[in-house]
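Heads up: the structure comes next, in structure tokens.
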């Protein structure tokens, strides 16, 4: 009876979550997601990830996007984004079913909070964090449960670990501690998750270079990306990381911080009666090594998503350790927060307007490039709008799809960039105005509605644009 009730409540939660996901299916365009979408298109054209396509991101998010695009075959950016967000909803819904089926009420409590809080941390976008959080929560649930998993679940834990390892490097320290504890507890049975993890890894590397993976996502990350992107620079920053959940009590009126305050309060209350729960705190610390404020959301806070999921999992688990007289006040507190008018299910979103604001301009330039190029043309997008490259048929000018600020620190990327841009045969098309001298000497700007744009065509190619091409471009407002 209890299991049937939990499934019924889950269906209600997911139905409401579906409504929210559809209303936000074209909200918030983000360079990381668009990098994954455009990179996947190149992979489907035969490009080798981390060989012909440079990226410090882990591979599964690209390969997942490539599969989605192969199966759904979107023919425009509107459908590409909507279908991708639909796939992300399905991914979350499937994991929600697994979590509730495995952990019953604690899984349901996780789903109730996480499925509506994830939007504030871009959890509905195709990001590495969005893919890694669910298997991490499943692993953590088994870890917290204390009972020794049976053979099928041991194999599944290897699958979960595979999803984490090849999606999100910052979760590796956390995962390492989990595996260390399992090594002690499971003893010889640890071989089963190792077997499933190893088989999946071998399958991955059967069509994808392990050497390129290590160099691009581990070596370059550690040596170049992390030092440039790391926000933790002072002793005060380290204090904020160590005391992160405590800062939720002093973080203004942020809805996210208020929920973190609730979750952490439930955890602390349970720890009063069971001091062993304090041992979970270092594990939570390992899950966040980038975000300094509990109020950080959207583009500033999306790295926090796995930590938030694990914090909710801890809260759900701690409720099972509390008496009813302590649970009731927490339930009232939670209900007050869930009924806040700022929760996503109370908001109204005009999907067409969201598309117009976030993607219509990108789609117009994508259309322009498709109509301007010839087979073999190369394009460099230096303006952090990689979706302009999607399905244009153009080749990458360098190995870089996105030109992030830290990448010139990588000697071979810098040399490749200078060879292409400053050599005798620069790219036929450049989107972005980062090279003003080169653009003024060798390129012609394409105007739109009488205004200059960031789309530039090499002079010799500009002279080859036909009248019929200009007629097509004029439908989107482009002119000479």
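Pairs, please: C-beta under 8 Å, at least 6 apart or cross-chain, first residue closer than 21 Å to residue 271 by Cβ and in segment 323-343, second outside any helix (DSSP H, G or I)?
Listed pairs, sorted by first residue: 330/322.
So, in segment 28-59, of the ones that are assigned to a helix (DSSP H, G or I) and without any contact (Cβ under 8 Å) to a residue 60 or more places away in the chain, which residue ends up farthest from the chain's Cα centre (by Cα)?
44
Pick out the one residue from 63, 89 that is modelled with pLDDT of 95 or more, within 30 Å of residue 5 (Cβ to Cβ) and under 15 Å from the mean Cα position of the chain (by Cα).
89
Does residue 12 satisfy the criteria of being at negative phi, without any contact (Cβ under 8 Å) to a residue 60 or more places away in the chain, buried (at least 21 other Cβ atoms within 10 Å of the Cβ) and assigned by TED's automatic domain parsing to the domain that holds residue 97?
Taking the combined requirement at face value, the residue does not satisfy it.
Between 398, 453, which is surrounded by 16 or more Cβ atoms within 10 Å (Cβ to Cβ), part of a loop (DSSP other than H, G, I, E, B), at pLDDT 95 or above and outside the structural domain of residue 76 (by TED's automatic domain parsing)?
After applying the criteria, what remains is 398.
Within segment 349-378, can you find the residues that are surrounded by fewer than 19 Cβ atoms within 10 Å (Cβ to Cβ) and not in a helix (DSSP H, G or I)?
349, 350, 374, 375, 376, 378
Looking at segment 139-152, which of its residues are touching a residue at least 12 places away in the same chain (Cβ under 8 Å) and assigned to a helix (DSSP H, G or I)?
139, 140, 141, 142, 143, 144, 145, 151, listed by residue number.
Does residue 340 satisfy the criteria of being in the same structural domain as residue 70 (by TED's automatic domain parsing), surrounded by fewer than 20 Cβ atoms within 10 Å (Cβ to Cβ) and out of contact with any helix residue (DSSP H, G or I) (no Cβ under 6 Å at 6 or more places or on another chain)?
Answer is yes for this residue.
Out of all the residues in segment 202-227, which are surrounded by 13 or more Cβ atoms within 10 Å (Cβ to Cβ) and closer than 22 Å to residue 301 by Cα?
217, 221, 224, 225, 226
The values are calculated or read from the model by the stated rules, or taken from the named source; none is laboratory data. Keep in mind it's a predicted model, so treat the numbers as computed, not measured. Don't worry about glycine lacking a Cβ; one is built from the backbone with ideal geometry, like all the others, and counts go over all protein chains shown.
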